[in-house]
Number of protein chains: 4
Amino acid sequence: MNTQTLILIQCQDAVGLVAIISNVLAEQELNIVTMREFVDETNNKFFVRVVCAGELYNKEVLHQALTARLPANSQVMVNPDQNKRLVVLVTKEHHCLADILVRHFFKTMQAEVVAVIGNYDNLQEFTEKFGLPFHYISHENKSKQEFEQELADTVSSYSSDYIILAKFMRILSPDFVSKFKGKLINIHHSFLPAFIGANPYKQAHDRGVKIIGATAHFVTDDLDEGPIIVQNTKSIDHSYDVTKMRNAGTEIEKAVLSKAIQLLSEDRVMLHGNRTIVFK
Amino acid sequence: MNTQTLILIQCQDAVGLVAIISNVLAEQELNIVTMREFVDETNNKFFVRVVCAGELYNKEVLHQALTARLPANSQVMVNPDQNKRLVVLVTKEHHCLADILVRHFFKTMQAEVVAVIGNYDNLQEFTEKFGLPFHYISHENKSKQEFEQELADTVSSYSSDYIILAKFMRILSPDFVSKFKGKLINIHHSFLPAFIGANPYKQAHDRGVKIIGATAHFVTDDLDEGPIIVQNTKSIDHSYDVTKMRNAGTEIEKAVLSKAIQLLSEDRVMLHGNRTIVFK
Amino acid sequence: MNTQTLILIQCQDAVGLVAIISNVLAEQELNIVTMREFVDETNNKFFVRVVCAGELYNKEVLHQALTARLPANSQVMVNPDQNKRLVVLVTKEHHCLADILVRHFFKTMQAEVVAVIGNYDNLQEFTEKFGLPFHYISHENKSKQEFEQELADTVSSYSSDYIILAKFMRILSPDFVSKFKGKLINIHHSFLPAFIGANPYKQAHDRGVKIIGATAHFVTDDLDEGPIIVQNTKSIDHSYDVTKMRNAGTEIEKAVLSKAIQLLSEDRVMLHGNRTIVFK
Amino acid sequence: MNTQTLILIQCQDAVGLVAIISNVLAEQELNIVTMREFVDETNNKFFVRVVCAGELYNKEVLHQALTARLPANSQVMVNPDQNKRLVVLVTKEHHCLADILVRHFFKTMQAEVVAVIGNYDNLQEFTEKFGLPFHYISHENKSKQEFEQELADTVSSYSSDYIILAKFMRILSPDFVSKFKGKLINIHHSFLPAFIGANPYKQAHDRGVKIIGATAHFVTDDLDEGPIIVQNTKSIDHSYDVTKMRNAGTEIEKAVLSKAIQLLSEDRVMLHGNRTIVFK
């Protein structure tokens, strides 16, 4: 049997933390398969992701054994749920959604899509091919507050781990964001912090850049300012007009967003202020 | 004999431009080896770089033949000087300078360094190993105006095609910039337009980016806003502190700046407003 | 109206070819929008791809006008069919097929899939979601000859421009290959010519490589030896076992194959012996 | 004071290894700053690289404490020498040597060059600029055995950690290789295992590849078959003839070789059969 136990810890740094953790694990007859740690020396913080082999008799016992010996206020997670549930929000563009739905359908990510919500209905047919519910919630003829209330209600009707903004082109209010704190993931179609805001490819063309990029990040109150999870770039040249940039960009966007979902689903991402620790 | 003729043209777009140019060349018994063109349809501008084989009897005759048949106000260059002369400005960091001097010494670029100027003297010994003059012009105990006057005088004492700011860390005034318009090339240690200004690696670390970059660009009045020639990026992760970012950055910076110098030396870069056309 | 005319020429190199071509086009009142050429000086061959704006009155007239003035035996194509028809062959892996079907469904490539053929039936359900015929042709309990005859008959029952081997894991005989000469496109899961043949990821792991890759190429008689169209690579490290390599590989494979299909569909690829000229 | 202790261990895998190691370190009042491990589950082998903060009282005591509790035949290294000594072998090409000498001169690698040996003398002047001895050992008018004897004597006259073949174009005999087992590092100008042997760029051009690469590897008896340390690649197109490939290749070659030297100098590379574990 190939049982694995996953442990995530975030705490004050201190002497002997690895010894403490590895001793607790040895006492529980768990063998460390991989251990990735990071010490932020400036802020005196310790992060670790451990994968163990061996049967875990009792999750609570392990949790308590670790918490008892680690510094006060340590955050310890033992075996977080493995099959993350995703709600995907879209507008009109299909490329990120399609990439996610294909992975969902063929079960190549440790996550499943439970619903898709669109403020247009043009991706409904495609979504339903995969047997998934599509909620069409138009923003038209509604106040922003009404629109977001409807959105929030529908999102909340599903228990979900992450809400994926897969080219969802409406700016969400701080109210909405705070309701789903730490669960909102966005794909921004530029190499942040370059070209924040609307029309990044137009901005990029005007600036004459020789590289375009995409950024998957947690959403916080400040537009396009949340902790970055994955970024990637692609070289372009003067022959790229805005449309060609946008088309080339779709390839980066979908790859970056899917990579972020994979990392989140495998519990490889830890939040650290406005940054992320990503244990690949 | 392997004579080649290089022709660069920038003009209003019009029907039949390639026919006009290729006819003139055929009449002069010049055979097109490579022709790269770009039409900016928005601004109705045509750019072309042509390399021909065959002996060029008279540069002036060819220039006139082209100008006579092209739209009014066309910019035509026939066989620009091939061995560009570079003055290199440095502060304390050696990596870009060293890369350039090695290429100079082994003659692997179509350009030669004629002098190095530093506002510190710590790169003097290294420069002089290569038999090149090093001018130490400190900015200390001088007004900015005095400093720049001295700098400008020294630069001007050499006839040069480009002035390479190879990690020159003083901001130059609009006055200085206008004096050497179109000839100043800077390497900025970020993927512009992200992290304009001072301490880009500090800014990048605070923002938690997953990619760093460098940008070689023409210098204009607006700090870090001139036309971009070359950019490149490199993936990093959370383990990079500012120092490690800076060290990783040096590798990109020197590669990007040397690439820009190569492209400029081979007359592959054409200015087009705040953008560049780069015929690789 | 935004009419464009596409012209592809492959011929002996000679003085004045660009003049000849651009004159013919000017006479036909066609304005060159982009022209990309390549001269193979070793083999004295000239290749060009021209896009013109302006209404084309008569395709045959243009073809004759060009052929009349170009060297003997020139290959000239005027406006090849724009919407290429693809037959896709698969075995069990879905990633390349899914990527192609999504592009087909959303019409983001200048090509359409007309049928999918599998030697297993596990991709039938997915294919049929997109309203496309899936032909299940098992190789079991048949001679290779019988299997290939069935395959060839089915392929031939569709008029198609390219037959895409999208992770089709049966080796095709020279007979089959010669029947569809120049139309068979394969994705090989390595950076050719490294790791020719079976189990390239196993071979790559044994060799301890630090980079994996994928190659899209025309199929010729020699296994994995046909002209290469697109290649790409990705850095890996010692922690990649064969399974992780294969998973990482799927991302490169699908991107490389789709890029090759895009280039072929836009008539940007010209065959030149065992190499390709790709005018991006 | 910023004392760090570096520990490298390679042993049979077993339950509780991390606990054992971290306990020993805690007992010695050493605090783990970074720990990178790798378990080869197929071969049941454990590799770890640990950096600790805290003053190390006695290297031998720590070594014994670890060895006593680890599985039999464990290889343990405590604080290997930090400033590696390099002898560099060259033929005619300068690019790798120059890159290394610049890093040597500005002390940006944890290694110093102690001598350069060339079978031609054209890099002597450049080497001597940096105050380093250059030994010109021609291979002409000598048997291979005589040449290698002279080479070996000169190499051996320096105590060195690594012998860097920086574009040294003579094939070394198994005898020579066995004399310096585990210390010979080569840069091969292709993405191994593609294009083993002579003229890889010629081979690459004939094959029509769209990517070129370089490989830094340990030298073993089989030509170009030793454990790979670093590889990198660069996209090219049909316009690259052999010379242009070779020039583009020099940029990859020097970057890859210098990266390998950096990793070796920082004791980040562990040999594991014909593979390497590289803890970046």
Within the stretch D:21-74, of all residues that are hydroxyl-bearing (Ser, Thr, Tyr) and under 29 Å from the mean Cα position of the chain (by Cα), the one farthest from residue D:3 (Cα to Cα) is D:42
Those residues that are farther than 16 Å from residue A:165 by Cβ, in contact with a strand residue (DSSP E or B) (Cβ under 7 Å, 6 or more places away or on another chain) and not in a strand (DSSP E or B), I need them from the stretch A:129-155; list them, please. A:132, A:133
Taking residue C:255 as the residue in question, decide whether it is closer than 30 Å to residue D:278 by Cβ, in contact with a helix residue (DSSP H, G or I) (Cβ under 9 Å, 6 or more places away or on another chain), within 8 Å of another protein chain (Cβ to nearest Cβ) and in a helix (DSSP H, G or I). yes
Of (1) assigned to a loop (DSSP other than H, G, I, E, B); (2) on the phi < 0 side of the Ramachandran plot; (3) more than 11 Å from chain A (Cβ to nearest Cβ), residue B:202 satisfies every one except (1)
Got at least one residue in the stretch D:68-82 being assigned to a helix (DSSP H, G or I) and of a type in the set (A, V, I, L, M)? yes
Any pair with Cβ under 7 angstrom, 6 or more apart, that starts in the stretch D:215-234 at a residue that is under 14 Å from residue D:194 (Cα atoms) and ends at one that is of a type in the set (Lys, Arg) and assigned to a loop (DSSP other than H, G, I, E, B): D:228/C:210; D:231/C:210
Within the stretch C:25-46, how many residues are more than 8 Å from every other protein chain (Cβ to nearest Cβ) and crowded, with 21+ Cβ neighbours inside 10 Å? 2
Collect the residues in the stretch B:35-53 that are at pLDDT below 90 and closer than 20 Å to residue C:47 by Cα, keeping them in residue-number order. B:53
Tell me which residues, restricted to the stretch C:176-204, are farther than 19 Å from residue C:164 by Cβ and surrounded by fewer than 18 Cβ atoms within 10 Å (Cβ to Cβ). C:196, C:197, C:198, C:199, C:202, C:203
Qualifying strands (runs of 3 or more DSSP E) (wholly inside the stretch A:1-66; at least 3 residues being aliphatic (A, V, I, L, M), touching a strand residue (DSSP E or B) at 6+ places or on another chain (Cβ under 8 Å) and without any contact (Cβ under 8 Å) to a residue 60 or more places away in the chain): A:31-40, A:45-53
Just name the residue that is surrounded by the most Cβ atoms within 10 Å (Cβ to Cβ) out of those in the stretch D:220-252 that are assigned to a loop (DSSP other than H, G, I, E, B) and among the acidic types (Asp, Glu). D:224
Scanning the stretch B:64-98 for residues that are among the polar types (S, T, N, Q) and surrounded by 15 or more Cβ atoms within 10 Å (Cβ to Cβ), the one farthest from residue B:260 (Cα to Cα) turns out to be B:67
Take the stretch A:135-184 and flag every residue that is of a type in the set (Gly, Ala, Ser) and over 21 Å from residue A:269 (Cα atoms). A:138, A:143, A:152, A:156, A:157, A:173
Exception for residue C:148 within (1) closer than 22 Å to residue C:249 by Cα; (2) away from chain A (no Cβ under 11 Å) falls at (1)
Do we find that residue B:6 is away from chain C (no Cβ under 12 Å), surrounded by fewer than 21 Cβ atoms within 10 Å (Cβ to Cβ), over 28 Å from residue C:54 (Cα atoms) and of a type in the set (A, V, I, L, M) in this structure? yes
Can you name the residue in the stretch A:147-164 that is touching a Lys or Arg at 6+ places or on another chain (Cβ under 9 Å) and under 14 Å from residue A:85 (Cβ atoms) and, of all such residues, is surrounded by the fewest Cβ atoms within 10 Å (Cβ to Cβ)? A:159
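When the residues of the stretch B:108-126 are narrowed to those that are free of Cβ contacts under 8 Å to residues at least 40 places away in the same chain, within 11 Å of chain D (Cβ to nearest Cβ) and within 17 Å of residue B:254 (Cα to Cα), which ends up surrounded by the fewest Cβ atoms within 10 Å (Cβ to Cβ)?
Just the residues of the stretch B:108-126 that are free of Cβ contacts under 8 Å to residues at least 40 places away in the same chain, to begin with: B:108, B:112-113, B:116-118, B:120-126.
Those still in the list that are within 11 Å of chain D (Cβ to nearest Cβ) too: B:108, B:122-123, B:125-126.
Narrowing the set further to residues that are within 17 Å of residue B:254 (Cα to Cα) leaves B:108, B:123, B:126.
Values: B:108: 16, B:123: 24, B:126: 21.
By that ranking, first place goes to B:108.
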Those residues that are within 11 Å of chain A (Cβ to nearest Cβ), buried (at least 22 other Cβ atoms within 10 Å of the Cβ) and part of a loop (DSSP other than H, G, I, E, B), I need them from the stretch B:205-219; list them, please. B:209, B:210
Can residue C:158 be described as in contact with a Ser or Thr (Cβ under 9 Å, 6 or more places away or on another chain) and of a type in the set (Ser, Thr, Tyr)? no
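Working carefully through the options D:181, D:202, D:167, D:234, find the one that is touching a Cys at 6+ places or on another chain (Cβ under 6 Å) and either among the charged types (D, E, K, R) or under 19 Å from residue C:191 (Cβ atoms) (or both).
Values: D:181 fails: touching a Cys at 6+ places or on another chain (Cβ under 6 Å); D:202 fails: touching a Cys at 6+ places or on another chain (Cβ under 6 Å); D:234 fails: touching a Cys at 6+ places or on another chain (Cβ under 6 Å).
Every option except D:167 fails the conditions.
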Residues in the stretch C:184-199 that are of a type in the set (Ser, Thr, Tyr) and at the interface with chain D (Cβ under 8 Å from one of its Cβ atoms) total 0
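Step by step: first the residues of the stretch A:12-24, then only those that are within 7 Å of another protein chain (Cβ to nearest Cβ) and of a type in the set (S, T, N, Q), then the one that is surrounded by the fewest Cβ atoms within 10 Å (Cβ to Cβ). Which residue is that? Please lay out each step first, then the result.
The initial filter retains those residues of the stretch A:12-24 that are within 7 Å of another protein chain (Cβ to nearest Cβ), namely A:15-16, A:18-19, A:22-23.
If we keep only those that are of a type in the set (S, T, N, Q) as well, we get A:22-23.
Details: A:22: 26, A:23: 20.
If we take residues in the stretch A:12-24 being within 7 Å of another protein chain (Cβ to nearest Cβ) and of a type in the set (S, T, N, Q), then A:23 is surrounded by the fewest Cβ atoms within 10 Å (Cβ to Cβ).
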Please go through (1) touching a helix residue (DSSP H, G or I) at 6+ places or on another chain (Cβ under 8 Å); (2) outside the structural domain of residue C:134 (by TED's automatic domain parsing); (3) modelled with pLDDT of 95 or more for residue C:32 and return the number of the only condition it doesn't satisfy. (3)
Go through the residues of the stretch D:181-199 one by one and say whether even a single one is assigned to a loop (DSSP other than H, G, I, E, B), at pLDDT 85 or above, within 21 Å of the chain's Cα centre (by Cα) and among the β-branched types (Val, Ile, Thr). no
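Could you go through the stretch B:106-128 and let me know if any residue there is part of a helix (DSSP H, G or I) and touching a helix residue (DSSP H, G or I) at 6+ places or on another chain (Cβ under 6 Å). Even if it seems obvious, please write down each step before you answer.
Applying the first criterion (part of a helix (DSSP H, G or I)) to the stretch B:106-128 yields B:124-128.
Applying the additional criterion that residues be touching a helix residue (DSSP H, G or I) at 6+ places or on another chain (Cβ under 6 Å) yields none.
No, the conditions are met nowhere in the stretch B:106-128.
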Please verify whether the stretch C:262-270 includes one or more residues that are touching a Leu at 6+ places or on another chain (Cβ under 6 Å), among the hydrophobic types (A, V, I, L, M, F, W, C) and not in a helix (DSSP H, G or I). yes
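Given the structure, is residue D:276 facing chain C (nearest Cβ under 10 Å) and of a type in the set (Ser, Thr, Tyr)?
Judged against the criteria, residue D:276 is a match.
The values are calculated or read from the model by the stated rules, or taken from the named source; none is laboratory data. These figures come from a predicted structure and were not determined experimentally. As a convention, Cβ positions derive from the backbone with ideal geometry for all residues, glycine included, and neighbour counts pool all protein chains shown.
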